[in-house]
1. Which of the residues belonging to segment 25-56 are surrounded by 14 or more Cβ atoms within 10 Å (Cβ to Cβ), in a loop (DSSP other than H, G, I, E, B), of a type in the set (D, E, K, R) and more than 17 Å from the chain's Cα centre (by Cα)?
2. Just one of (1) at pLDDT below 85; (2) over 16 Å from the mean Cα position of the chain (by Cα) trips up Ile111, so point out which.
3. Return only the number of the condition from (1) touching a residue at least 40 places away in the same chain (Cβ under 8 Å); (2) assigned to a helix (DSSP H, G or I) that Ser87 does not satisfy.
4. If you scan segment 123-157, which residues turn out to be charged (D, E, K, R) and either modelled with pLDDT under 80 or in a helix (DSSP H, G or I) (or both)?
5. Among the residues of segment 87-94, is there at least one that is loosely packed, with under 14 Cβ neighbours inside 10 Å, farther than 29 Å from Tyr130 by Cα and polar (S, T, N, Q)?
6. Of all residues in segment 139-171, which are out of contact with any Lys or Arg (no Cβ under 8 Å at 6 or more places or on another chain) and in contact (Cβ under 8 Å) with a residue 24 or more places away in the chain?
Amino acid sequence: MPWHYRFGYCVLTLLMFRLVWGVVGGKWSRFASFVYAPSSILRYMKGQGDALHSVGHNPLGAFSVFAMLAMLLVQVSTGLISDDEISAAGPLTKFVSNATVSLASSYHVTIGKVLVIVLVITHLVAIVFYLYKKRENLIKPMLHGDKLLPNSTPASADTSATRTLALAILLACSAAVYWLVSLGG
């Protein structure tokens with residue numbers, strides 16, 4: 001269980017970072033660059049997508065990102081207030097009622113776990129689909145942050161200052177998670 005908690009705290013740190021970076025990060029990392037109307041999603045699914053959809057997250061990928069962020073936030077949040085009634089309790093259980101702890105624990109180990117697994121598998125299947133069916137490698141740009149694009153595509157800032165900002169935000173998120181967990185004593 002100690003490693004389960006550590007991984008959960010890491011996931012929470014990364015989620016917090018992504019939420020902040022989605023507001024202050026580079027052009028294509030910002031949520032505003034990939035919030036799509038339902039009509040745009042339908043056009044994309046019909047093969048009538050905008051050329052800029054291939055720069056960052058396309059409409060379906062954006063939907064997947066938001067679903068994954070939401071589900072992971074719920075999963076981590078319920079983990080923080082879960083109790084297995086044997087040997088492990090989340091650090092924030094003392095701040096909520098026993099009924100809330102019971103509900104969170106039940107969700108965390110049943111529905112939440114299954115939903116996260118389904119979303120991860122769906123995400124991986126989509127990556128493989130894009131790689132083999134559409135001949136678009138989504139993995140390389142995710143790992144190194146660069147992608148060959150037409151010259152007319154607006155660039156996203158990638159400087160030592162933006163990388164330093166990202167590191168500072170990550171460290172601040174780590175500190176926030178440490179503080180949050182320490183509240184439980």
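1. Within segment 25-56, Lys27 is the sole residue that qualifies.
2. It is condition (1) that Ile111 fails.
3. Failed condition: (2).
4. Within segment 123-157, Lys140, Asp146, Lys147 meet the criteria.
5. For segment 87-94, residues loosely packed, with under 14 Cβ neighbours inside 10 Å, farther than 29 Å from Tyr130 by Cα and polar (S, T, N, Q): present.
6. Residues satisfying the conditions are Leu149, Pro150, Thr153, Asp158, Thr162, Leu165, Ala166, Ile169, Leu170.
The values are calculated or read from the model by the stated rules, or taken from the named source; none is laboratory data. As the structure is a computational prediction, the values presented were derived from the model and not from experiment. Reconstructed Cβ throughout: ideal geometry from the backbone, glycine too, with neighbour counts over all protein chains shown.
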